Every structure is written in structure tokens, then in C-alpha cells.
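The values are calculated or read from the model by the stated rules, or taken from the named source; none is laboratory data. Just so it is clear, the structure is predicted and the values come from calculations on it, not from any experiment. FYI the Cβ positions are ideal-geometry reconstructions off the backbone, even for glycines, and counts take in every protein chain you see.
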Amino acid sequence: MIDIGVRSIIDFLASNPLLLVGAFLLYIVVFLFSVFFHPVKGGKNPLAKDYRRPHEGFIHDVKARDAVIKQRFKASKVPEHLDVIVIGSGIGGLTSGVLLARAGKKVLVLEQHDQAGGCCHSFVEKGFEFDTGIHYIGSMYDGSVDRVLLDQLTCDQLKWAKMDDAFDTVAVGPSGSAERFPMKTGKESYTQNLIAMFPKEKAAIEKYMELIYDASPSFFGVVLLKVLPWPIARLLVATGLYKILFKCYRKRYTERTLQEVLDELTDDSKLKMILSYICGDYGVFPNEVPFILHALVVKHYVGGAWYPAGGTSEIAFHMVQSIQNLGGRVLVQAPVTEIVCNSKGRAVGVKVAKMDTTIQAKIIISDAGVVNTFKSLLPQQVAQASRIYPLISKIGPSCSFITTFIGVEGSPSELKLPAGNVWHFNSEDINKTMSEFLQVKGDHLEDVEIPLGYISFPSAKDPEWEKKFPGKSSVLIITLASWEWFKEWKEEKLRHRGDRYETIKDTIGRKMWEQCVDLFPQLEGKKVYMEVGTPVTNQHYLACPEGEMYGLNQGAVRFQPDVAMKLRAQTDIPGLYLTGQDIMTCGFTSALIMGLMTAGEVLHLNLYNDLLKLRKTLKAVDQAAAAPASNGTTSKKSD
């Protein structure tokens, strides 16, 4: 009877294949629900309590700050009985470090530079402070997921300053006569402002915003391929079921380029350029970037932009203390030269330059980037056997960049500098002008115009600036660059690269500054300091193999399902985990959330779900605390 019953069921399913597929899909959905919305048994939960405390004020004393973020490596400073070693102190590495320390792990973070923070660090030169990688952050309103996480990581000591309502302004045309298009805060203001500037394109703009808000949350499908158990992710991709389950693949948001979408919406070339201006935030041009990444970035900033009060080094300053207070250490000038693996191929420790012995730990987390990790740090026999290794050449590096740091006389208020950014394009055709610019030979750089300039005034964004540097202002100008222009000097020592190198970089820097003065005439004659950082400068300070801005390239290849599922926190090398912007997407927020997810993988906890629970709890607590003072009134965040 049993055999007959089983055979009948098999015959029935064979004659009704859609029912079989539907049953399997139902199983997958139930499984996904259980993974994301039910507790997972694991280690101690670092988000089980509220770590906020009253703000203790800003510390501007340089020596006091250096004592935290510039602790030089010595073998004697390494804690005993380590559980976790984190390579790199960018936001991903520090986030994992804080969370794992709070889960009871003994953590050591090793940073190759002389200051902790990675791209979050800032530096002071000739009486001016400059940020290096964090210029503005979206979604940092009170109660946002990102804000709640950072408040916990820094014990609520990191404060955020809201930037101007026009957080970005697009300037199009020659710098002396460029037409300006401000991007306004809030979905409604953002949309209506675009319509006011392009009234004939109302339908196209409204459809564009509809697509932005449809595509952005669909990125969850890419995330799921990275966090689902490997066998399930592989099955979904092998069978093609991912196309049915995940909207981002079903609607081809990961394949269609921004240019393709815009071409379907409008024929207005200037509007297309304005809607594409933010491509510098991910380093891929409209004809190559997948629409889903563009949508993520646009939606991230539509609600406005924020800047760390006190400067970007505040981020690491407070997170390092969170690790240190739990018995861990964050040590600088500690370049890791090797991830040590045992005979079975398991990562068991690291070697640091000028140190013969191995520092051992049960868990190794690399925030050094996929290329550095698999090309330079791992034994090549182990690295090349990994499923991640072929992705390096398949995806390729992101674009390099040049930064000009300028110090000027006069305070931000005296000079009327905006707490917002200006994106200057000398042409409406981003694809053509940038492609031609990056193909210029190094010998002809002095003869070309700079087609793209991102201009930022860190001093105007930071409310603490004038307390530290009265009567002064800082200016930052960034443009994209080719590694080929400067790679011949990659082995030369800093400040000893020769006259030719200095001439090229100073010429580019001068041109960038001249464009800036055209756009802001009040800066004429105010410059007292200028330094130019090239791709080889980035390589030196940030350990970017080719001076790249965003790690692995952000083009469509990295979001292909067979690629996306392999770039995950837990590698196929036992004991080795990855974090940072190479795993999800580029940028501060992506690396921040990746630090959370990497810690969750180590602890076998769904920390993102725990973060959502904590956010809900804190919202109720804060509302209850504010209720008597508000007399029954409430306030909501801007759209």
C-alpha cells in the first residue's frame, strides 16, 4: 500500500510539474521567512541592549585623539588568547570588531596606515583638516537603521550635522558660465524641483522616480544570494528560480544600464545628464552601471545628507574606544604581510611586517579588500583554489581618482561656502567625455581639460570646524583618473617621485582649482595651501592596489547571480571571513552593514534582524521619554 501511494504521488507530480515547482517555491519562501524573522541560536547577542550614553562633548586635543587612533603596533600590545583578528580598520572592519568584542570575543584590529579609520580618517596639514573618503552620508536621520547601528557602535558619542537642503548641486557647462541644478531634500521636493527645472519632462521624471523606488528595495534579492546557506543559493541560481523569487533579477534591474532606462524615458540630453550626475559616487558611467545600483544611491540621498560633527575621524575615534574598553586593541603601522594557513588550508593567524612570529586567532576577518586578500595575503595555493579568486579578473578594479586638497584664508561663514557639494561637468555627454578623458595618454595630461569635478567644503559641513581652525576653510576637489597615468611611480617613495610626477599632478591640481574658483569667485586669491593626491598616493595611504576608489568594479558583472552569491562574508576557506565594500556594494553605508553581517556570520546570529528589533524597542523608549515634554504632539521625519 505504501509503495502504491508513493508511486501515485510521484506520477501525479510528474504530470503536474508546475505544482512541484510551486511547492518548492513555497518551501523556499518559508525558509527565507524563518531565516530573517525568527531567532537563530548562536553566540552572545551584541545588540541585545542599548549602549547609548549622554554625549560627553568633543575632544579636539590632538594628543588625546592620537592616543586613541594612532596606537603604534608592538608585539607587547597584542592581547593574549585572541579570538578574532581583523585586517584593516575601515568602517567594515571596525563594525565587525565592536560587535564581536561585545559578544565576548577578544579582538585585535591591525591597520597598515599610521591612523585608524581607513577611508574614514582625516588628516591635518599646515593648519587645515581634510577628509579622505567620507564626504557625505545619506539616511542618517534619527531612528534610521544606519543611525541606530552607529549610535550603538559609538555609544551615541558620534553626532551628525544635517547638510544644506540642496545637498548636491549639478553645474553643467564651462566652469565660468555653468548652469546650476540643485538637488533638494525629500522625495516630494526632489521630484518637484526636477519638474520645475524640466517642466516638459514631468511624465518622464515621475516615471523615473517610480522606477527608483521600485528598484532600490529589490536589491534585497542580491543580499539574499549572499546570506542564504551556500547550497540553497547555488540551487536557486542553477535552477533559475532566483528570477522568479527576486524582483531585481525578474525585472532585469541588475542588467539594464542607467543609460538604457533613461533612453526609454526621455530624449532630453540635459535631463539625462542631470539624472546621471551622481555616477561619481559609484565610479561607473551611465552606459555601464546597472540601474539597481544607481537607484540605491539616489534613494539613499533623496532624504538628505549628513556629515560627522567634529570631522570624519570622529567615527574611528569612538569605535576604537568601544573595542578597547572590552579588552581588544586597534593597532596602526601594522601591515599584515600574510594570512597564515595550516596544512589543511584553514586560516589560523597573520604575520605582520618586521615580526617573525605568527599572531594566532580562531577567526580572521579581512577588511583589506578582495584583491589584497587573495592576491597578496593568502598563500597562492590556497587563494587560487577558492571560488572567489576567479572573480578578481572577471569583475576588475573600480576607477582610480585624483584629489586636490586646498586650504584657504577665511572662515566658511565669511566666504559663504555651502554645506553641500557641487558636481561640475563641462559637457552633457558623461559617457563620451569621461571615456575620452580616461583614454588620454599620460604625456598629454597637461593639454586636456578636466571634464568632471566633485567640489566639497568639509569646513562648511562640520559645525565644530571654527572652534578648531578659526579663520580658515578647507576645499576638496576630486576627479576620476587612470592608473596607467601614474603606475610608473608606484615603487617610488612618497615625496621622492621626481620632477615629472610633480609637474603632472600639480598641473592637474591647478586646473581643478581654477574651475573651482570660476564656480566660487569669492575664493579668488584666498589659497594658501594646496596638495594633490594621485592614484599612487591612494595606493600608499589606503592600500588600494591600483589607487581605485571603490574596490572591485561596480559594473553589472558583480551583480550577476553566480558572482553575487560567491562574494559573501564567509569564504570557502575555513576560518576566513570578508567584510567591507567589496562584498555588497561600494560606499560607507554598504561597508557598515557588511560589518554587521560579517559579525553575524561569525556568531551564527541574524544581527540585521536583531538590529531591527532593537530599533523598534528604542523608538518606543524614546517616544515614551519624550511624551511629557511634547504635550501629546509628535513629529515625523521628512519624506
Got a number for residues in region 95-153 being assigned to a loop (DSSP other than H, G, I, E, B) and either more than 25 Å from Leu618 (Cα to Cα) or out of contact with any helix residue (DSSP H, G or I) (no Cβ under 7 Å at 6 or more places or on another chain) (or both)?
20
In the set Glu436, Glu428, which member is assigned to a loop (DSSP other than H, G, I, E, B), under 29 Å from the mean Cα position of the chain (by Cα) and assigned by TED's automatic domain parsing to the domain that holds Lys468?
Glu428
Given (1) under 23 Å from the mean Cα position of the chain (by Cα); (2) within 23 Å of Asn606 (Cβ to Cβ); (3) β-branched (Val, Ile, Thr), number of the condition Ile232 does not satisfy
(1)
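Okay, residues lined up against (1) modelled with pLDDT of 95 or more; (2) in contact with a Leu (Cβ under 6 Å, 6 or more places away or on another chain); (3) closer than 26 Å to Gly547 by Cβ; (4) of a type in the set (A, V, I, L, M, F, W, C):
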residue	(1), (2), (3), (4)
Arg53	yes, no, no, no
Lys63	yes, no, no, no
His81	yes, no, no, no
Val86	yes, no, yes, yes
Thr95	yes, yes, yes, no
Scanning region 387-418 for residues that are over 25 Å from Ser177 (Cβ atoms) and in a loop (DSSP other than H, G, I, E, B), the one farthest from the chain's Cα centre (by Cα) turns out to be Ser411
Could you say whether any residue in region 505-516 is surrounded by 20 or more Cβ atoms within 10 Å (Cβ to Cβ), in contact with a Phe, Trp or Tyr (Cβ under 8 Å, 6 or more places away or on another chain) and within 15 Å of Val422 (Cβ to Cβ)?
no
Within the set of pairs 6 or more residues apart or between chains, which connect a residue that is closer than 30 Å to Glu492 by Cα and in the same structural domain as Asn426 (by TED's automatic domain parsing) inside region 516-545 to a residue that is in a helix (DSSP H, G or I) and among the charged types (D, E, K, R) with Cβ atoms less than 7 Å apart?
Val532/Lys505; Val532/Asp506; Thr534/Lys505
Hey, any hits in region 156-165 for a residue that's in contact (Cβ under 8 Å) with a residue 60 or more places away in the chain and part of a helix (DSSP H, G or I)?
no
Is there a residue being surrounded by fewer than 19 Cβ atoms within 10 Å (Cβ to Cβ) and closer than 29 Å to Gly97 by Cβ anywhere in region 257-276?
no
Go through region 541-577 and give me each residue that's more than 25 Å from Ile292 (Cα to Cα) and under 20 Å from the mean Cα position of the chain (by Cα).
Tyr541, Leu542, Ala543, Cys544, Pro545, Glu546, Gly547, Tyr577
Looking only at region 209-240, filter to residues that are more than 29 Å from Lys187 (Cβ to Cβ) and of a type in the set (A, V, I, L, M); which one of those is surrounded by the fewest Cβ atoms within 10 Å (Cβ to Cβ)?
Ala238
Sole miss for Met273 among (1) of a type in the set (A, V, I, L, M, F, W, C); (2) within 19 Å of Leu438 (Cβ to Cβ); (3) out of contact with any strand residue (DSSP E or B) (no Cβ under 8 Å at 6 or more places or on another chain) is condition (3)
Has region 323-343 got at least one residue that is of a type outside the set (Phe, Trp, Tyr), over 18 Å from Gly221 (Cβ atoms) and part of a helix (DSSP H, G or I)?
yes
Determine if region 329-336 includes at least one residue that is buried (at least 22 other Cβ atoms within 10 Å of the Cβ), among the polar types (S, T, N, Q), in contact (Cβ under 8 Å) with a residue 60 or more places away in the chain and assigned by TED's automatic domain parsing to the domain that holds Gly369.
no
Do the conditions hold for Ser216, that is, is it under 27 Å from the mean Cα position of the chain (by Cα), in contact (Cβ under 8 Å) with a residue 60 or more places away in the chain and not assigned by TED's automatic domain parsing to the domain that holds Val602?
yes
Hits in region 192-208 (condition: surrounded by 20 or more Cβ atoms within 10 Å (Cβ to Cβ) and among the hydrophobic types (A, V, I, L, M, F, W, C)):
Leu194, Ala204, Ile205
Residues (buried (at least 21 other Cβ atoms within 10 Å of the Cβ), farther than 16 Å from Lys461 by Cβ and of a type outside the set (A, V, I, L, M)) located in region 116-139:
Gly117, Gly118, Cys119, His121
What residue, among those in region 337-357 that are surrounded by 15 or more Cβ atoms within 10 Å (Cβ to Cβ) and among the charged types (D, E, K, R), is nearest to Ala599 (Cα to Cα)?
Arg346
Test Ser473 against the criterion of being crowded, with 20+ Cβ neighbours inside 10 Å, in contact (Cβ under 8 Å) with a residue 12 or more places away in the chain, assigned by TED's automatic domain parsing to the domain that holds His540 and within 21 Å of Cys544 (Cα to Cα), and give yes or no.
no
Elements of type helices (runs of 4 or more DSSP H) in region 204-288, at least 1 residues being of a type in the set (Lys, Arg) and under 27 Å from Thr479 (Cα atoms)
269-276
